[in-house]
Amino acid sequence: MIKRIQDNAYFLVFFGVLFFIFLWPFIFLKETLRHGDYGLQFYPWAFHYSQALRAGHLPYWTDLVACGFPLVAEGQVAAYYFLHGLSYLLLPFKVAYTWNIPLHFLLGGLGAYLYARKAGLSKEGATLAAVIFSFGSGYGGHFYTTGTLRVLTWLPWCLLLVRSFFENSPRKLLGVSCLAFFISQMWTAGFPQLAVYAFFYLGLFILFHGREGLRPFFLYLAALFLGTLIAAPQIFSTLELAALSVREGQSADFALWGSVLPPGFLALLFPRWGFFLKTSFYIGTLAFFLACISAGSPKNKPGKIHLALVLVFYFLAIGKYNPLYAWAVETLGVTGMRNPSKFLFFCFVSLGMLSGFGLQKVLELQKETWVRRWKKIVAVLCFIVLLTPSSAMFFFKAFEARLTALGRSYATAYFEGKQNPAHALGYYQDQMAGYLTAAKRFIQASDPWNVAALGASLLSAVILF
């Protein structure tokens, strides 16, 4: 045990320090999530769930919502989620509600680290992958709900088990059983849509291994079937409730809302640009440089697989700007795939792994020819950062009139699409005009955030050179 702790001390110290810096208010119960939807929905739902558990039953029905409501069927309550049942039954409500947040950060980070080591990363590379997974703007920001956090917590654990399927281990049945349990937890964690995306991610991860992944893929399908069977009470009750939802039968526009603008990837280099690109997509400049080094390295099959996953899921995230995706939604009527930006979560998972591989390559200081190649990659990235604000400003000025017209058209369509708009049409048009004005300001080369982005890029280059 002592030797194991020593071997992983780098991760324990580095991750542990960040864990306490960012999450100490939750650990010591100084803060909890009660703003916005949390105060209106999740907090009272969780309290009622806790009270019902202590009374010896699940809240299948409550008369405290409208004229009555099947609370268990509301998937976001996560009524069948194992850690919820255990924590809300054994701990005081506020402790269980608040500690569930740092607990999932810890579990997710540990799973990411263990998977990265299993994939062949050094302790330094695996630690970086785990840090990006837990503290990047996707998982760390959990910019949807804590249901997102809970679903994604189990993804690296699933990757860890799937990775073991590629080995000649006699304990395949145990691996399938454990994977089925994790899959059931993802189904019941409170965000079934994201769970479906996670299962797709896992399937692609295996299939991208080519012939090597055929047998593991069938083992994965067996685990997926068993996990879905375990979660069936939640799945069927939620589907029954969803059929009665006001969102049932919505248009394709409803499903395509939240599509990431195609240049949204620029937020990886210019985090402030996420404001007008409407996306939170940042892992740190140095980490992104390392990911690019990994993507350009020869003979790195695990890295190539994760690069392919980044590209596939970003292609899905742009939603309505992706003709194939838009056609599928409109033709098949799958309005349940609302807000394509959720696909970005899976880009973060693979970007973290790519960064870890990149760090390992740099620390190993491989062949001199490869060192020269990665320096070229870094130089090109710095040149892109230097050139992008000026190019964006040129584009904006060239198409400013057209962008303004498109903004007014979008605001009008948004207003007309609302059944009971809270404001007059002019309000939405003014909001769009303000958005374009802010965009023009943020892309100026002299903007402090752009200067900071250039500084971060140059500093990263100095470190890597």
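The values are calculated or read from the model by the stated rules, or taken from the named source; none is laboratory data. Treat the numbers as computed from the prediction; the structure is a model and nothing was measured. Cβ: placed from backbone, ideal geometry, glycine included. Neighbour counts: every protein chain shown. We work out accessible area using only protein heavy atoms, side chains counted, and drop any ligands, DNA or RNA first. Shrake-Rupley method; radii C 1.70, N 1.55, O 1.52, S 1.80 Å.
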- Task: Scan (1) in a helix (DSSP H, G or I); (2) out of contact with any helix residue (DSSP H, G or I) (no Cβ under 6 Å at 6 or more places or on another chain); (3) open to solvent by 40 Å² or more (accessible area, probe 1.4 Å) for the single condition residue 76 breaks and write down its number.
- Result: (2)
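When only residues in the range 356-370 that are surrounded by 13 or more Cβ atoms within 10 Å (Cβ to Cβ) and in a helix (DSSP H, G or I) count, which is modelled with the lowest pLDDT?
First, pick out the residues of the range 356-370 that are surrounded by 13 or more Cβ atoms within 10 Å (Cβ to Cβ): 356-362, 366, 370.
Retained after the next criterion (residues that are in a helix (DSSP H, G or I)): 356-362, 370.
On the way: 356: 94, 357: 92, 358: 90, 359: 90, 360: 89, 361: 84, 362: 85, 370: 61.
Among those that are surrounded by 13 or more Cβ atoms within 10 Å (Cβ to Cβ) and in a helix (DSSP H, G or I), it is 370.
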- Message: Within the range 79-118, take every residue that is aromatic (Phe, Trp, Tyr) and open to solvent by 20 Å² or more (accessible area, probe 1.4 Å) and give me the one that is farthest from the chain's Cα centre (by Cα).
- Response: 93
- Note on the structure: Result of the Cβ filter at 8 Å on the range 280-298, keeping first residues that are at positive phi and partners that are modelled with pLDDT of 90 or more and not basic (Lys, Arg), at least 6 apart or interchain, is 284/132
- Has the range 258-277 got at least one residue that is under 30 Å from residue 373 (Cα atoms) and of a type in the set (Ser, Thr, Tyr)? no
- Just a yes or no: is a residue in the range 298-317 in a loop (DSSP other than H, G, I, E, B), open to solvent by 10 Å² or more (accessible area, probe 1.4 Å) and more than 30 Å from residue 120 (Cβ to Cβ)? no
- Message: Among the residues of the range 119-141, are any farther than 23 Å from residue 344 by Cβ and open to solvent by 60 Å² or more (accessible area, probe 1.4 Å)?
- Response: yes
- Go through 19, 14, 26, 42 for me and flag whichever is touching a Gly at 6+ places or on another chain (Cβ under 9 Å), farther than 27 Å from residue 233 by Cβ and in a helix (DSSP H, G or I). 19
- Check residue 255 against each of (1) open to solvent by 30 Å² or more (accessible area, probe 1.4 Å); (2) among the hydrophobic types (A, V, I, L, M, F, W, C); (3) assigned to a helix (DSSP H, G or I) and name the one condition it does not meet. (1)
- May I ask you to list the residues in the range 171-180 that are buried (at least 17 other Cβ atoms within 10 Å of the Cβ) and either hydroxyl-bearing (Ser, Thr, Tyr) or closer than 14 Å to residue 153 by Cα (or both)? 179
- Message: Whether any residue in the range 56-70 is open to solvent by 50 Å² or more (accessible area, probe 1.4 Å) and in a helix (DSSP H, G or I) is what I want to check.
- Response: no
- Task: Have a look at 208, 191, 200, 218 and point out the one that is open to solvent by 10 Å² or more (accessible area, probe 1.4 Å), more than 26 Å from residue 22 (Cα to Cα) and touching a helix residue (DSSP H, G or I) at 6+ places or on another chain (Cβ under 7 Å).
- Result: 208
- Where residues in the range 42-78 are in contact (Cβ under 8 Å) with a residue 24 or more places away in the chain and touching an Asp or Glu at 6+ places or on another chain (Cβ under 9 Å), which of them is nearest to residue 96 (Cα to Cα)? 45
